[in-house]
1. Pairs under 8 Å by beta carbon, first residue within 14 Å of L363 (Cα to Cα) and β-branched (V, I, T) in the range 331-345, partner open to solvent by less than 20 Å² (accessible area, probe 1.4 Å) and assigned to a strand (DSSP E or B), six or more apart or different chains?
2. Kindly evaluate S299 against the criterion of being within 16 Å of ligand 3 (Cβ to nearest atom), surrounded by fewer than 24 Cβ atoms within 10 Å (Cβ to Cβ) and either hydroxyl-bearing (S, T, Y) or assigned to a loop (DSSP other than H, G, I, E, B) (or both).
3. Before we move on, is N195 open to solvent by 30 Å² or more (accessible area, probe 1.4 Å) and either at positive phi or assigned to a helix (DSSP H, G or I) (or both)?
4. Keeping to the range 307-355, report how many residues are open to solvent by less than 30 Å² (accessible area, probe 1.4 Å), away from ligand 1 (no atom under 16 Å from the Cβ) and assigned to a helix (DSSP H, G or I).
5. Check whether at least one residue in the range 208-222 is more than 16 Å from ligand 2 (Cβ to nearest atom), over 30 Å from K156 (Cα atoms) and crowded, with 23+ Cβ neighbours inside 10 Å, and report yes or no.
6. State the number of residues belonging to the range 444-476 that are in contact with a helix residue (DSSP H, G or I) (Cβ under 9 Å, 6 or more places away or on another chain), open to solvent by 60 Å² or more (accessible area, probe 1.4 Å) and touching a residue at least 40 places away in the same chain (Cβ under 8 Å).
7. Scan the range 235-292 for residues that are at positive phi and open to solvent by less than 60 Å² (accessible area, probe 1.4 Å) and jot them down.
8. Restricting attention to the range 389-410, does a residue exist that is open to solvent by 10 Å² or more (accessible area, probe 1.4 Å), within 16 Å of ligand 2 (Cβ to nearest atom) and polar (S, T, N, Q)?
Amino acid sequence: MEFSTQTTAGLHQLRTAALGVGVFADGVLTPAAEALDMAAGGAIKAVVKSDFKGKANTHVVLRQLSGIKAERVIVVGLGKQKSYNAGAHAAAEQTFANACIGLDVNEAVSTLSSVECEGTSLRSRSRALALATLRATYRYDLTLSKDVEPAPRLKKITVWTSRANANEAKQGLHEGQAIGNGVNLTRLLGDMPPNLCTPTYLGETAKKLAKEFKTLKVEVLNRKQIEAEKMGAFLSVANGSDEPPVFIVLRHSPKGAKTRGKAPIVLVGKGLTFDSGGISIKPAANMDEMKYDMCGAASVLGTMRAVAELELDREVIGLVASCENMPSGRANKPGDVVTSMSGQTIEILNTDAEGRLVLCDALTYAERFKPEAVIDMATLTGACVVALGHVNSGLFTKDDALAEALVSAGREAGDTAWRMPLEDAYQEQLHSRFADMANIGGMPAGSVTAACFLSRYTTSYRWAHLDIAGTAWKSGKDKGATGRPVPLLVQFLLSQTGE
Ligand code: BES
Ligand code: MN
Ligand code: ZN
């Protein structure tokens, strides 16, 4: 996909297959819509008076308007002007991008980012446009023998802007493109069936990224090497499956970043390519969705891709602990006590609480990088879905500054997280008579006790945990990975480099 800017003053002179302009729900035309309306002798106002109410997530296509060179004008509803914000703008760009794909045009021009709104800049609005476009072009067809829909022809999107602002818009487009490519990689890995997207495949994907981007270096540890690291908790999960586990270390080291003396930021992802529950096996209904239990890992890879494409001026290290959770004669079982890499022992009371077992060793591994901060993401608990639904990811940290930075990054990126409690008072639920801790804390506050478990492995650095069980994928007819929380993470990392 190519992204560019266009600085012609006379919008009506612009030759394009599709020209996007916004109209508010109260009938107020944006300046771009107003200009086109004038040139077209009131054609847009006429439609707004009759059929089109400017509601959010709606659009109307006007063809071959006299006085206008564009083949079509796509009038996009912006919703109420009073509540027009970053989210409403992103939704409008998405509506426009989806419409362009639906019309199967090969290029289009958007004026939507020229409409100012609170908490945004031209750069962030251009970023949203590029991200929306790439989202719209995503197709899952890897395992379909026939094309359900033909591949979209859309090749080029142009932002209409003033000459003075063109560079700011270009910067945003570049960022949105990197985020969009990261999001779509994360979605593809999530959507892939678990017989293809195995731990080994995730390792191969990391290696491919390291080949493609020169700032990336990769190491993929095999079972033997994982044993040598004494990751006893991770291995107790991996052992139940014939599919070999991997531990991925993917490092983005831009030139000179180290010499500026900033410690790296480490991202850690849960990479269960399938979670059957193990001996504590899950019910059959919807168990296929547990192929998405590697979405934390996929978002680490997607974020690393974005960081590399952006050549972010900061060392970032992605860690992925990946295996399957299966019942077998070698599987861990309720009552087992295992020793984690940290030396702490764990009584496994439910083999379905495997994410924390895998993550705790990855979090211990992270210590060696003397990180500035560690952020893990995991489809960790059904309880988090109960608490927050599919709107917000759950954010757990004791570090107020880190919480604030992540929450505001999420808000700015339209990929929101909601802070949850992580008080010591919950820790007692993890009490075990036979080990240093149990791997479950009972029904109450299930997502909090899972985070409490992880907190016992993160005492030597600043740490935050994102529970993405409710946000990483959608169920139902439109089942599919969302690519969250890649936008939040990239936004956070950009903010950490002062961008
Ligand atoms: N991967 C699941 C969490 C999950 C379940 C995410 C459903 C999204 C939808 C995790 O490994 C798990 O099974 N957690 C258990 C923990 C429980 C046994 C303490 C859960 O949430 O039921
Ligand atoms: Mn589980
Ligand atoms: Zn799981």
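The values are calculated or read from the model by the stated rules, or taken from the named source; none is laboratory data. Note that the coordinates shown come from a computational prediction; the quantities given were computed from them, not determined experimentally. Cβ coordinates were reconstructed from backbone atoms using ideal geometry, including for glycine residues, and neighbour counts include every protein chain displayed. Protein only, heavy atoms only, side chains kept; ligands, DNA and RNA dropped before computing areas. Shrake-Rupley method; radii C 1.70, N 1.55, O 1.52, S 1.80 Å.
1. none
2. In short, no.
3. Details: open to solvent by 30 Å² or more (accessible area, probe 1.4 Å): yes; either at positive phi or assigned to a helix (DSSP H, G or I) (or both): no.
Judged against the criteria, N195 is not a match.
4. The number of residues fulfilling the criteria is 2.
5. As a first pass, look at the range 208-222 and keep what is more than 16 Å from ligand 2 (Cβ to nearest atom): 208-222.
When the remaining residues are screened for being over 30 Å from K156 (Cα atoms), the result is 217-222.
Okay, now just the ones that are also crowded, with 23+ Cβ neighbours inside 10 Å, so none.
No, because not a single residue in the range 208-222 is more than 16 Å from ligand 2 (Cβ to nearest atom), over 30 Å from K156 (Cα atoms) and crowded, with 23+ Cβ neighbours inside 10 Å.
6. To start, the set of residues in the range 444-476 that are in contact with a helix residue (DSSP H, G or I) (Cβ under 9 Å, 6 or more places away or on another chain) comprises 444-458, 460-473, 475.
Of the ones still in play, those that are also open to solvent by 60 Å² or more (accessible area, probe 1.4 Å) are 444, 456, 460, 462, 475.
Those left that are additionally touching a residue at least 40 places away in the same chain (Cβ under 8 Å): 456, 460, 462, 475.
Summing the residues that are in contact with a helix residue (DSSP H, G or I) (Cβ under 9 Å, 6 or more places away or on another chain), open to solvent by 60 Å² or more (accessible area, probe 1.4 Å) and touching a residue at least 40 places away in the same chain (Cβ under 8 Å) in the range 444-476 gives 4.
7. G256, G277, G278
8. Within the range 389-410, none of the residues are open to solvent by 10 Å² or more (accessible area, probe 1.4 Å), within 16 Å of ligand 2 (Cβ to nearest atom) and polar (S, T, N, Q).
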